[in-house]
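**Q** To start, I am sharing the structure in question, which I have written as structure tokens.
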């Protein structure tokens, strides 16, 4: 019987199937990233308050992912270890995607803004329930020399799903003539129907992985060890956090600057593009020009995700030639330059060029840290440590969510473009920090070697 301690090499299509659920997760995540700020602004949020609403994502991630990681490590059912969790997350997330653009119709007790923020929190929690087990699943099922390939395929599917999710409102409006403007306080129908489509895509992609992927049962020695341990639940999570490997701590600093930058980009790009590039007043929230700017942000977000999907296919080869650390550093530098360049752009079409660098950074952020980390943590604690590693993703976003709005309002005079420039600088700092990371399991995919 195959177990976690005996990992056979998997074919390309087996790796593709086990990762395909991430296509659906990112489809929904891209819709959220490209449109949540726009929806909340439509419901009355001020630009300097957007980062506070976005705190829902990292707060729920910080709580949910370690718990899901821990309990999935200790779960074995007829569906396996990880699959029950991301199937549950998919059902909840799909429901939240259906409800988000309809917040104004659910606001019988609270204003639509707060209903929308509440649904955003539920959506983020559900995304995290679905997302965390996928990282552990790749590390569970793949031998060491296939991990970089596995995370790269996962990143390709993330990029592909994000392209479609980001472009969908624009496609519905421009290709199919779906209404792209709405009355004050309402979400345009092209955005609403995009969220409906995303909900269906999310669920179907997760079901594909559930049906096509078989997990390995834990071996008898592992079950015996687990039954004899005294630490359980939160106590074990805290204990494992205190004993985290050195490589994880080093990657934590890289992750802090990387995800602080990404959070700024997701929250403030819509406002920065509308005001700095389209020349709209900061108070404009419902004009045709404002909605066109929002649709274009969806397009450029789709571009960087498309670039990341393509770049991900080359990451195993580049990492083989340069090493994972240098590959990650170069990618982060490209992203930093891309974000900083937005300040100097006045033609919206030129933003596509900026997104090339951002796409390279995004692909590497989704693959390289996990490929490095997987070789530095015990196989039997893959779920919990992948969840704990999420602290280094959520904490910088929480910090940014608290200080980002006041910085934009008081330091940048409500000019969101400067937050985008700051994000670029932080990616450059992350690139510098990468050189100090230990990558002791720097092995290469057989697919690259051959």
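The values are calculated or read from the model by the stated rules, or taken from the named source; none is laboratory data. Just so we're clear, the structure is a prediction, and the values are computed from it rather than from any experiment. Here the Cβ positions follow ideal geometry from the backbone for every residue, glycine too, while neighbour counts run over all protein chains shown.
This table checks each residue for (1) assigned to a loop (DSSP other than H, G, I, E, B); (2) surrounded by 15 or more Cβ atoms within 10 Å (Cβ to Cβ); (3) touching a helix residue (DSSP H, G or I) at 6+ places or on another chain (Cβ under 8 Å); (4) modelled with pLDDT under 85.
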| position | (1), (2), (3), (4) |
| --- | --- |
| 275 | no, yes, yes, no |
| 298 | no, yes, yes, yes |
| 309 | no, yes, yes, no |
| 334 | no, yes, yes, no |
| 339 | no, yes, yes, no |
| 349 | no, no, no, no |
| 355 | no, yes, yes, no |
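**Q** Right, something else. With the condition kept exactly as written, say whether any residue in segment 365-376 is at pLDDT below 95, outside any helix (DSSP H, G or I), surrounded by fewer than 24 Cβ atoms within 10 Å (Cβ to Cβ) and out of contact with any helix residue (DSSP H, G or I) (no Cβ under 7 Å at 6 or more places or on another chain).
**A** The answer is no, given that none of the residues of segment 365-376 is at pLDDT below 95, outside any helix (DSSP H, G or I), surrounded by fewer than 24 Cβ atoms within 10 Å (Cβ to Cβ) and out of contact with any helix residue (DSSP H, G or I) (no Cβ under 7 Å at 6 or more places or on another chain).
**Q** Looking at segment 1-60, what helices (runs of 4 or more DSSP H) fall wholly within it and have at least 1 residues that are under 14 Å from the mean Cα position of the chain (by Cα), under 21 Å from residue 161 (Cβ atoms) and at pLDDT 70 or above?
**A** 21-42
**Q** Sticking with this structure for a sec: Just checking, how many residues over segment 146-187 are in a helix (DSSP H, G or I), out of contact with any helix residue (DSSP H, G or I) (no Cβ under 6 Å at 6 or more places or on another chain) and farther than 30 Å from residue 62 by Cα?
**A** So the answer is 2.
**Q** For segment 311-328, give me each residue that is surrounded by fewer than 23 Cβ atoms within 10 Å (Cβ to Cβ) and in a helix (DSSP H, G or I).
**A** Result: 313, 314, 317, 318, 320, 321, 322, 325, 326.
**Q** So, one more: Can you find a residue that is surrounded by fewer than 18 Cβ atoms within 10 Å (Cβ to Cβ), at pLDDT 85 or above, at negative phi and not in a helix (DSSP H, G or I) anywhere in segment 194-213?
**A** No - not one qualifying residue is present in segment 194-213.
**Q** Could I ask something else about it? Could you run through segment 317-346 and say how many residues are touching a residue at least 12 places away in the same chain (Cβ under 8 Å) and over 20 Å from residue 251 (Cα atoms)?
**A** 10
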